[in-house]
1. Residue by residue through the range 64-102, note down the ones that are assigned to a loop (DSSP other than H, G, I, E, B), aromatic (Phe, Trp, Tyr) and either under 11 Å from the mean Cα position of the chain (by Cα) or surrounded by fewer than 17 Cβ atoms within 10 Å (Cβ to Cβ) (or both).
2. Just to check your reading of the model, which residue among Pro36, Pro28, Pro45 is at pLDDT 65 or above and either within 30 Å of Arg123 (Cα to Cα) or surrounded by 13 or more Cβ atoms within 10 Å (Cβ to Cβ) (or both)?
3. Quick one: is Arg105 modelled with pLDDT under 95, among the charged types (D, E, K, R), more than 23 Å from Pro133 (Cβ to Cβ) and loosely packed, with under 15 Cβ neighbours inside 10 Å?
4. Go through the range 45-63 and give me each residue that's outside any strand (DSSP E or B) and free of Cβ contacts under 8 Å to residues at least 60 places away in the same chain.
Amino acid sequence: MNILFLRRTLILAPVFGLGFLPACAVSPPPPPAYGPPPAVAYAGPPVMVWVPEANAYVAYRSPYRIFFRSGNYYHYNRGQWYAGPGYSGPWSHVGPDRLPPSLLRFREEHWNRYQLEAERGYRRGGWEPGHRPFRAHPGRGGGRSR
């Protein structure tokens, strides 16, 4: 009787969840998939103008959401942030932990307001001492640091 009971237990245990499960490997979920870095094409370097509300320079009269802060260029595209050494990249995805705090507050609907502020700042020649407009650097090494 013991052998019969043991056979039934071994056969039925996996069916009733009695703890006889094969070992399985558990792996972390894959990292989120981000699209390829956005292509940015300008006829010439954009003018970067300080916008106090953004606490960053913004690409003036640009269809691209390009910012400059702390020696890096940042591009906001479809809800994702990218960083690069110049206004044309190369771009690498960055998470919120690697963004300047002022850029974390950016929303798509802010861009037109930033452009209006940049227009006023550009006409005046800058907002504050030390924040004069400048031509953006195209990429790799260099650019203006703040």
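The values are calculated or read from the model by the stated rules, or taken from the named source; none is laboratory data. Not measured: the values here are computed from a predicted model. Positions of Cβ are generated from backbone atoms using ideal geometry, with glycine treated the same way; all protein chains shown enter the neighbour counts.
1. Across the range 64-102, the qualifying residue is only Trp91.
2. The unique qualifying residue is Pro45.
3. No.
4. Asn55, Arg61, Ser62, Pro63
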